[in-house]
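See below for the structure under consideration.
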Amino acid sequence: MSIDADPRECSTGERARGPIGSDTLPSPVDVSPGALIAAGELLRALSAPVRISIVLELRESARCVHELVGALGVTQPLISQHLRVLKTAGVVRGERSGREVLYHLADDHLARIVVDAVAHAQEGRSQ
């Protein structure tokens, strides 16, 4: 391939198909190192099965800790620990309502990330 050639052009002369969603996402070289670090931290925060379950629960509606304990069958200290990780990563936000804190997702993008990851994992198992 010559220096002037289109980098998406294959040796056969056909255009290579870009990654899914490449028409809406920036090229990897256009993403700042800070954004890549933040994305890695976000994915790390979503890496635990209990945290994924919490996001799926909060996708339905805002919940307080005791509701998440009942829905997920996990102890209150463990739910609180996972919520702290999710809150630090900016995945969830808490709003005080009387004596309780009501947790909700920071935005819809996060639910889509988790739903897509779960769907992808389930597709892989069915094949």
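A short reminder: the numbers here are calculations on the coordinates, not readings from a lab. This one's a predicted model, so the numbers in the text were calculated from it and none came from an experiment. Using ideal geometry, Cβ is built from the backbone for each residue, glycine included, and neighbour counts are taken over all protein chains shown.
Residues whose amide H lies under 5 Å from that of V101, counting only those 5 or more places away or on a different chain, are V65; hydrogens are built 1.01 Å from N in the peptide plane. Each residue of segment 98-112 was assigned a 3J(HN,Hα) from its phi angle through the Karplus expression (A = 6.51, B = -1.76, C = 1.60, θ = phi - 60°), giving x, 8, 10, 10, 9, 9, 9, 5, 5, 6, 6, 4, 5, 5, 5 Hz with x at Gly and Pro. For S47 and Q81, the difference between the fully extended length at 0.36 nm per residue and the C-alpha to C-alpha distance is 10.8 nm. A simple rule links phi to the HN-Hα coupling: the Karplus curve 6.51 cos²θ - 1.76 cosθ + 1.60 with θ = phi - 60°, which for segment 32-48 gives 6, x, x, 5, 5, 5, 4, 5, x, 5, 4, 5, 5, 5, 8, 7, 8 Hz, with x for Gly and Pro. What you get for segment 35-127, charging only the Cβ of Lys and Arg (+1) and of Asp and Glu (-1), is a dipole of about 260 debye around the Cα centre.
Hey, how much of the P(r) for segment 63-127 falls beyond 19 Å, as a percent of Cα pairs? Tail of the P(r) past 19 Å holds 43 percent of the pairs. Taking label positions 7 Å along the Cα-Cβ direction at both S61 and A35, the computed distance is 3.7 nm, reported to one decimal.
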